[in-house]
1. Is it true that some residue in the stretch 192-206 is within 16 Å of ligand 1 (Cβ to nearest atom) and of a type in the set (Asp, Glu)?
2. Residue check: is Arg258 open to solvent by 20 Å² or more (accessible area, probe 1.4 Å), touching a Gly at 6+ places or on another chain (Cβ under 6 Å) and not acidic (Asp, Glu)?
3. Name the single residue that is surrounded by the fewest Cβ atoms within 10 Å (Cβ to Cβ) among those in the stretch 32-53 being over 19 Å from Arg89 (Cβ atoms) and more than 13 Å from the chain's Cα centre (by Cα).
4. Among (1) more than 10 Å from ligand 1 (Cβ to nearest atom); (2) surrounded by 13 or more Cβ atoms within 10 Å (Cβ to Cβ); (3) of a type in the set (Val, Ile, Thr), there is one condition Thr251 misses while meeting the rest; what is its number?
5. From Val150, Val175, which residue is of a type in the set (A, V, I, L, M, F, W, C), touching a Gly at 6+ places or on another chain (Cβ under 9 Å) and surrounded by 20 or more Cβ atoms within 10 Å (Cβ to Cβ)?
6. Which fully enclosed helices (runs of 4 or more DSSP H) of the stretch 180-280 have 3 or more residues being at pLDDT 95 or above, assigned by TED's automatic domain parsing to the domain that holds Glu142 and over 24 Å from the mean Cα position of the chain (by Cα)?
7. Go through the stretch 54-74 and count every residue that is within 30 Å of Leu315 (Cα to Cα) and either open to solvent by less than 40 Å² (accessible area, probe 1.4 Å) or within 19 Å of the chain's Cα centre (by Cα) (or both).
8. Any idea which of Ile92, Ile132, Ile77 is away from ligand 2 (no atom under 16 Å from the Cβ) and crowded, with 22+ Cβ neighbours inside 10 Å?
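The values are calculated or read from the model by the stated rules, or taken from the named source; none is laboratory data. Just so it is clear, the model here is predicted, and its values are computed rather than measured. A quick note on method: Cβ atoms are made from the backbone with ideal geometry, for glycine too, and the neighbour counts reach across all protein chains shown. Accessible surface is based on the protein model in full, side chains and every heavy atom, while ligands, DNA and RNA are left aside. Shrake-Rupley method; radii C 1.70, N 1.55, O 1.52, S 1.80 Å.
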Amino acid sequence: MGKLQPARGTRDIFGEDARRMEAVTAAFEATARTYGFQLLATPIFEFTEVFARPLGESSDIVTKEMYSFSDRGGEAITLRPEFTAGVARAFISAGMQQSLPVRLMSHGPVFRYERPQKGRYRQFHQINAEFIGSETPETDVEMITMAWRVLESLDIVDKVTLHLNTLGDRESRTVYRDRLVTYFGAHKAALSQDSQRRLDTNPMRILDSKDEGDRVVVEKAPPLDESLTQASLDFYARVEDGLRACDVPFTRDTRLVRGLDYYTHTAFEFITDALGAQGTVIGGGRYDGLIEQLGGPSVPGMGWAGGLERLALLLDAAPSVQRPVVIMPMGDAAVRAALSLAEDLRAAGHTVIADRSGNLKKRLTRAAKAGANHAVILGEDELAADRVTLRNLDAGDQESLPRKALTDRLAAWS
Ligand code: ATP
Ligand code: MG
């Protein structure tokens, strides 16, 4: 057996890292709730086809990154590499089209077989929001603004730039695809092998390539704008206008294409330069054909996903923990009495931990290490008099007071 290390690309999350990720999740849930979102928890694994079809047989995720296996019953199973396809599958399974639109938020682990580095893992976590059943550009505005507010509430909005683009409707994309095939076809020799293959399967993906040789060719590729239909241009203009109405700043990025097949119209990313090559912290867009592609009704959707680890890295400081009160019963009778005393304090909103072992000096040392601000000492004398000793660990002084007065006294101090 190898060393007891987590598998490559995975990690144990605790302490400061855990508090950072908790803070991001809490900000996401609180913000999304104010936009009417409700929680949807989908399974961590699905039948492989749930992801393979909508993500596109030629996408990086499907060709290289999925954790797929056949289970003991011979079913082809994949650990979710993203949320959207599973959410769309759940939408269809539950017949949610009966009550449109639906606003669904999710968060949890996702899995991709990638080369691990800072901000890139094989098991990572996403926050995810999907707005299904509305085809208006104002929905896109709300969704992007909601992401902006999450970043604002975490105080990291100054570290990111919103990149916005439109991929147009299907008609625009068909026209553009042909233009790209002509252009890239003329520069085929300069493209990476991956991109030469993409030329046949999905030429738009070449625009998204990270290969440096490809980037040079992509620089001079024809812009999508010239292929957009009037309807696509009008849609996009309303997205820009709505963002201005909400005071959400953005930059137009005509090179922004998202890596997946199912996007139409709006595409956007929040990008930071604080995390090196792992600069995209939130990405999303409109996916009007996805649910139909999965075998469901023709229902439009708009969504985004954020990388929890990357967002957590952007936080200035880890959120602090509430300083605990340590309750220290001395003797058997006090141990029992301390149980209910601790419950009273917790009910009043304090974080309470009990320390029942060792002499008082040892316990006070441990309490200081735990970051406690107060110790409540409960000895036999105190018990008999229905009193407690309250010690302020910062100041180093203490006082005796009736047990009943303790919560009020602590409330006054904290
Ligand atoms: P990248 O270009 O960095 O590979 P992506 O386009 O594959 O990102 P999405 O599929 O849009 O990413 O996923 C949404 C978000 O999830 C990303 O913006 C990023 O913050 C995060 N993310 C993606 N892959 C990873 C990973 N391997 N480890 C950690 N976070 C990730
Ligand atoms: Mg990726």
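1. yes
2. yes
3. That would be Thr34.
4. Looking at each condition in turn, Thr251 falls short on (2).
5. Working: Val175 fails: surrounded by 20 or more Cβ atoms within 10 Å (Cβ to Cβ).
After ruling out the rest, the residue left standing is Val150.
6. Per the criteria, 230-245.
7. 3
8. After ruling out the rest, the residue left standing is Ile132.
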